[in-house]
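Comments concern the structure below.
The values are calculated or read from the model by the stated rules, or taken from the named source; none is laboratory data. Every value quoted in this text rests on a predicted model; they were computed, and no experiment measured them. Positions of Cβ are generated from backbone atoms using ideal geometry, with glycine treated the same way; all protein chains shown enter the neighbour counts.
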Amino acid sequence: MDMKVSKKLGLKERYTMMTRDLAWDTTFQPMDKVFPQVGYEGIKIHDWDKWEDPFRLTMDAYWKYQAEKERKLYAILDAFNQNNGHLSVTDARYINVLKLFLGSTPPLELMAARGFSMVARQMVGAGPRVACMMQSVDEYRHFQTQIHSISNYNRFYNGLDEFAHQQSRMWYLSDGKSFFDDAITAGPFEFMVAIGFAFEYVLTNILFVPFISGAAYNGDMAAMTVGFSAQSDEARHMTLGLECIKFMLEQDPDNLPIVQRWIDKWTWRGTRKLASVGMMMDYMLPKRIMSFKEAWEIYFEQNGTALFTDLARYGVKVPKCFGQTIEEKEHITHQSWIGFYMKPDACPFHTWIPAPDELDWLSEKYPNTFDKYYRPVLEHFDRQEKAGKRFNNKTQPMNCQVCVSTIKFNEPGDPMEMCFRETVYKGEKFHFCSDHCKEIFENEPEKYVQTFISSHAALQGKCEPEGTDVNAHDYRPGARMHAYWRMDKRATGDFNGSEDQKNFAKWRAQATKN
Amino acid sequence: MSMDLRTITIEPLRQTFGHLARRMGADKPASRYMEGTMDLQPVENYHYRPTWDPSHDIFDPARTRITMKDWYALKDPRQFYYGAWTLARGRMQETATADFDLADELGLATGYPAAGKKVINEVLLPLRHVAWASNINNSAVAAYGYGIAISQAAAYACMDQLGIAQFITRLGIAFDEIDALAEAKQDWLEAPVWQGLRHYVEDMMVMDDWFELFVTQNFALEGLLFPLIYDKLTDRLNAAHGPVLSMLTRFQREWFTENVKWVDAVLKAAAADNPANKALLGEWIAAARQRSVEVLTPVAELAFGTDGAAVLDEVVQQLNARAAKAGIPV
Amino acid sequence: MTSNAFIAFQKNEETRCIVEAIVDDNPDAVVVDQPAMVKVDVPGRLVIKRATVEEKMGRDFDLQELQLHLITISGHLDESDDEFTLSWEA
């Protein structure tokens, strides 16, 4: 299996011969021309050999284990598809989780694949280069297996068919896109903190572990297999992210303030991105294993505390936003779901008001907030819907200039008040969802003035389907957003009465009757 | 409620994703390669310009002088998406590992004649550093290439080259020549015979145009080096000392035969897109061939003595034939 | 308070043996069962010993095989031929 070299060589020595011993310092071309990006962020590295390789996989072992994983994974997918496995999920509402997932996740895995290729090209040390390359191809694995696992659902349900077109154009996917665009346009070390550390180490656990366990609980063998199989690579990725942080901090004390600013920035940016994941757990899984709040406590608070207690020896402090995220864990999933419910025409997935027993579950899981702030809103919407006056917000949202989230989160300490911040830069006013986003902007205004905000761009005539004449006398900006998004009408609006709901019921009935 | 989901037949609403149906011109099932490759890279509405390259977008066709009406025409004839690639490599490494185990068990490598070992130490072992250079250069194509068709295949090639560097290392260890690996590295860094080649791969590391880099590294240099070593040199050593070297370099040989299909298909598609591409590729290949021959000449002499030039000329003819087949006059 | 190091696996026959080995070698281990996965928490330091896993499985085991089943980990990782360790500094 692994390189069976001379018995004298242990795992570590063997691995050194197989990786960093291959590299040399170039002399015909200067090193700073061969690796031009490692200096400009201000991170000081004195000795790349001090990098520790935690997982020591040579390529033959990598191929052996990855091939075994892929063989199993595709065997399960094929069987699931051949047996109409999509009809064995708990209820058709579940499929909306996959719609949100397909739109938001594989495109970001793809960005991770490209980003890690870039960092792999730029890192000077052989250790981090090899680990980054391996992560890059792993990320190819992830977006492809995710697409492959959901591909069969696309044949039977609406709203999945245009994910590739929508990834760069859909308003609510813009926050995730800005997250990865931000990371990939930063230098190699910031990318490592953003994706390798904040995203992989601090946050992916909460994205995948409880969520995929939830998919399993709801009978989706395909998503479960793909999700857990992807996670088996994630342990390697998390370790790379943590190693990179330690390496930077050990190399030079001047790196600490830079790294700390990145940790603060990216933990916050990642947290904002997770609001929609939490919403899936609390509202979209018909059978639930744990609330977002519980998952947050285990995988973010407890695990994050362990991590930052440990990193305190380097002088690293808990991310600035930590306290605010703890306060928000009882609010954001409700605010997000209500936000999506209010825009039935603008999402390629269905929404619904939770059933009474589901509302009770939320009351129990969120004793401090749900009955007080959110249950009344949902019950109000429910009454309106039943009275034929379904709430429908047709206006353009207001977006944060940094995280691009719709501004909808509450003022810290006051759930009844919406949080707005603004700043003026070069005579122009910019808006934010929070103090943290405002601070990120003020640290790098030249970067964040560039943010592509689709609600603004649409009004400027930049979001039109091909062939639109924006100079025509009757042109109205944003009037053809559905065509621009390639949105299938059948995929929008309420789950109740949807084609998905009817088809699922009809097909399941065929399986139970003669 | 018992359900037998297998027995029911239901009519799908559609066969594939919208972007694939438009590409194929019909709503029909698409391969897993297509699902995992086509039209997936973002092409617009980028939020920010790279701080490391503000004159370009994150993904930008202007990072090469090659132009394409459709960047996904640069598809991989092997249809390697991650799963297909890793399964293929998994099988190859299994065979290679079994070969190394057998050679170890039967003492085939350690008993290899000293004259043969000397050639392996001097000629083959330094090539692990050439593979490492190829790994770096392919990572640049994977990073800055346009479209997922080329970027993913380059990412796999990059890992393949790391694997090759490791198989060469393992070869050195199998022949019980750990010190020889250190000497080979010293040669790579200092011996005159290798400095031309090292100079060349280092020059590639600072090449701006990723497509030119692809042509130079993957088509020209490897197109000469691999047949020179894994075909001509192994043949010669096998004739003198028995076939064990072929057995322990099987991975490289099989890999090259397969990789050529990809490299040639990419060149062919780019040349077919427009005449300017064809002319540019011709220029690049001519320049890269000339310099590759220059830097490989001392290596060929080290390997083949006075036959060096003639053997090198044979592999140059093979390369020319490949270029012609791809529709590129050189 | 000592932080927990943890590891989670997909549930299958192999990981049943691995979890048993962890429980044997880490007296403070707490096993948490969840749909399709199993998580093991250990205060401070979690160690997986190759020899113990081999005993449970009745065959040779390479610690790199853990790659096949892992879902997540928490703690600094150190891996040798014989031990796979996750730990937090208090």
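List of remarks:
- Any hit, region B:34-41, residues being under 28 Å from residue B:243 (Cβ atoms), small (Gly, Ala, Ser) and in contact (Cβ under 8 Å) with a residue 12 or more places away in the chain: no
- Residue list for region A:32-58, filter: facing chain B (nearest Cβ under 10 Å) and exposed (fewer than 15 other Cβ atoms within 10 Å of the Cβ): A:33, A:36, A:40
- Selection within region A:337-396: residues that are modelled with pLDDT of 95 or more and of a type in the set (Ser, Thr, Tyr). The member of this set that is nearest to residue A:292 (Cα to Cα) is A:366.
- Among the residues listed as C:33, C:81, the single one being surrounded by fewer than 20 Cβ atoms within 10 Å (Cβ to Cβ), more than 13 Å from the chain's Cα centre (by Cα) and part of a strand (DSSP E or B): C:33
- Members of region A:421-460 that are farther than 23 Å from residue A:167 by Cα, loosely packed, with under 15 Cβ neighbours inside 10 Å and either away from chain B (no Cβ under 14 Å) or of a type in the set (Phe, Trp, Tyr) (or both): A:422, A:424, A:425, A:426, A:427, A:428, A:429, A:442
- Cβ-Cβ under 7 Å pairs, at least 6 apart or on other chains, region B:95-124 side without any contact (Cβ under 8 Å) to a residue 12 or more places away in the chain, far side not aliphatic (A, V, I, L, M): B:97/A:60; B:101/A:4
- In region B:245-266, the residues that are farther than 25 Å from residue B:74 by Cβ reach residues that are of a type in the set (Gly, Ala, Ser) with C-beta atoms within less than 7 angstrom, at least six apart or across chains, in these pairs: B:247/B:103; B:248/B:103; B:248/B:109; B:248/B:174; B:250/B:96; B:251/B:96.
- From B:14, B:49, residue being among the basic types (Lys, Arg), in a loop (DSSP other than H, G, I, E, B) and closer than 30 Å to residue A:40 by Cα: B:49
- Hits in region B:122-145 - residues which are over 15 Å from the mean Cα position of the chain (by Cα) and in a helix (DSSP H, G or I): B:122, B:123, B:124, B:143, B:144
- Residues satisfying the stated conditions in region A:173-189, i.e. surrounded by 24 or more Cβ atoms within 10 Å (Cβ to Cβ) and over 20 Å from residue B:43 (Cβ atoms): A:186, A:188, A:189
- All conditions but one from (1) more than 7 Å from chain A (Cβ to nearest Cβ); (2) part of a helix (DSSP H, G or I); (3) modelled with pLDDT under 95 apply to residue B:6; the one that does not is (1).
- In the set (1) touching a residue at least 40 places away in the same chain (Cβ under 8 Å); (2) crowded, with 24+ Cβ neighbours inside 10 Å; (3) facing another protein chain (nearest Cβ under 10 Å), the condition left unmet by residue A:193 is number (3).
- Selected residue (only one of A:120, A:113, A:61 is within 19 Å of residue B:90 (Cα to Cα) and either away from chain B (no Cβ under 13 Å) or among the small types (Gly, Ala, Ser) (or both)): A:61
- Residue within region B:202-215 that is aliphatic (A, V, I, L, M), under 30 Å from residue B:116 (Cβ atoms), assigned to a helix (DSSP H, G or I) and within 11 Å of chain A (Cβ to nearest Cβ) present: no
- In region A:124-140, the residues that are more than 10 Å from every other protein chain (Cβ to nearest Cβ) and within 23 Å of residue A:33 (Cβ to Cβ): A:124, A:125, A:127, A:128
- Checking every residue in region B:29-39 against the condition of being in contact with a Leu (Cβ under 9 Å, 6 or more places away or on another chain), within 7 Å of another protein chain (Cβ to nearest Cβ), more than 30 Å from residue A:508 (Cα to Cα) and not in a helix (DSSP H, G or I) gives at least one match.
Conditions (1) in contact with a Lys or Arg (Cβ under 6 Å, 6 or more places away or on another chain); (2) crowded, with 20+ Cβ neighbours inside 10 Å; (3) among the polar types (S, T, N, Q), marked per residue:
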site: B:292; (1), (2), (3): no, yes, yes
site: B:302; (1), (2), (3): no, no, no
site: B:305; (1), (2), (3): no, no, no
site: B:319; (1), (2), (3): no, yes, no
site: B:324; (1), (2), (3): no, no, no
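- In the set A:101, A:156, A:143, only one residue is at the interface with chain B (Cβ under 10 Å from one of its Cβ atoms), crowded, with 22+ Cβ neighbours inside 10 Å and in contact (Cβ under 8 Å) with a residue 24 or more places away in the chain; that residue is A:143.
- Residues that are small (Gly, Ala, Ser) and buried (at least 21 other Cβ atoms within 10 Å of the Cβ), drawn from region B:271-290: B:271, B:288
- Residue match in region A:439-459 (condition: free of Cβ contacts under 8 Å to residues at least 60 places away in the same chain, out of contact with any helix residue (DSSP H, G or I) (no Cβ under 6 Å at 6 or more places or on another chain), part of a loop (DSSP other than H, G, I, E, B) and under 23 Å from residue A:172 (Cβ atoms)): yes
- Only helices (runs of 4 or more DSSP H) whose full extent lies in region A:323-405 are considered here, and the ones with at least 2 residues that are among the small types (Gly, Ala, Ser) are A:332-341.
- Inspection of region B:81-101 identifies no residue that is surrounded by 22 or more Cβ atoms within 10 Å (Cβ to Cβ), more than 10 Å from chain A (Cβ to nearest Cβ) and outside any helix (DSSP H, G or I).
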